[in-house]
Amino acid sequence: MEEQRTFWSWFERNEARFRDIEVPEKEQLLDELLDALHEYCPHLWFETGRAEDGHNELIISAEGDTRHFSAVRTLVAAAPSIPGWRFIAFKPGSGFGFVTDYEGITFSPEAAWFMPLRSASDPTGLGVRVGYAHYDAAREQAFLTGTFIMLECAIGELALAEQVQYIEVMALPSSPESSGYLPLPELAGLLVAEVPSKGSAS
């Protein structure tokens, strides 16, 4: 308990400085916040910014590493109530309507297809095979990493880590549907609905 109290005491003393980080000393501010967070747990990371409703948000993340999920939950559960702030455990999903790039490769969820994979030894586990029309086998690792980033943005850190056990990538067949592929946005329908884990905001 003492470690999370130390972090939140520090944050309460300094939170006004993080309400608008688009300032010349932005990098210094972010480094200070990361240093304070790493005093609590060196395996956690954060995102911060202002939401559309005007609240400032601090998202605490373990970057998908389930070994440190309990540290995320414990810290956010101990968050104080600070007017204008919302504290969120794990990076939330933002849906499938975006395009992102990784190492020069474009990833568009609405243009990608996937095939659900089930294991006979673990029928409750879900794997996904993601197919791309522009797939390049010589860049398999870049496609895998980009796919992880895309899926995390789409469905959220917690859902990806706890509900998707396996990811593979390959070239999209010329007739995806007849080959057993589904449009990637339909992945959301296979996932167990989650209750967002958030600190209170005033």
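Taken together, the values in this text are just the output of simple stated rules run on the coordinates, not laboratory data. Bear in mind that the values here come from a model prediction, so they are computed numbers and not experimental data. Note that each Cβ is placed from the backbone with ideal geometry, even for glycine, and that neighbours are counted across all protein chains shown.
In terms of overall dimensions, the range 100-190 has a Cα radius of gyration and Dmax of 12.5, 37 angstrom. Spread over its residues, the convex hull of the C-alpha atoms of the chain is 144 Å³ per residue. Sparse packing (at most 13 other Cβ atoms within 10 Å of the Cβ) combined with a DSSP loop state is found for the following trypsin sites (Lys or Arg not before Pro) in the range 1-32: 19. Positive contributions from Lys and Arg (+1) and negative ones from Asp and Glu (-1), summed over other residues with Cβ under 10 Å from the Cβ of residue 116, come out at +1. Over the chain, with a Gaussian network built from C-alpha contacts below 10 Å, which listed residue (108, 121, 174) shows the highest mean-square fluctuation? In this elastic network of the chain, the residue with the biggest mean-square fluctuation among 108, 121, 174 is 121.
Rounded to 0.05, the FRET efficiency of the residue 177 and residue 21 pair, given R0 = 45 Å and the Cβ-Cβ distance, is 0.50.
Mean Kyte-Doolittle of at least -1.0 plus a Cα span of 15 Å or more along the axis: flag which DSSP H helices in the chain meet both, please. The qualifying helices are 26-40, 140-155. Length gained on full extension, residue 28 to residue 100: 23.2 nm, using 0.36 nm per residue less the C-alpha separation. In this calculation the C-beta distance from residue 129 to residue 52 is compared with R0 = 45 Å, giving a FRET efficiency of 0.85. If each DSSP helix of 4+ residues adds -39,500 (n - 2.57) and the sum is divided by the residues in the chain, what number results at 222 nm, nearest 500 deg cm²/dmol? Using -39500 (n - 2.57) per qualifying helix, the result is -9000 deg cm²/dmol.
Using the Kirkwood radius built from alpha carbon pairs, what does the Stokes-Einstein equation give as D for the range 1-114 at 25 °C and 0.890 mPa s, in µm² per second? D, rounded to a whole number, is 156 µm²/s. Computed 3J(HN,Hα) for the range 182-189, one whole-Hz value per residue from the Karplus formula 6.51 cos²θ - 1.76 cosθ + 1.60 where θ = phi - 60°, is 10, x, 3, x, 6, 4, 4, x, glycine and proline marked x.
Sort out the exposed loop GluC sites (Glu not before Pro) in the chain (DSSP loop, at most 16 other Cβ within 10 Å) and tell me the longest stretch that has none. That would be 104-193. Listing 170, 115, 150 from fewest to most neighbouring C-beta atoms within 10 Å gives 170, 115, 150.
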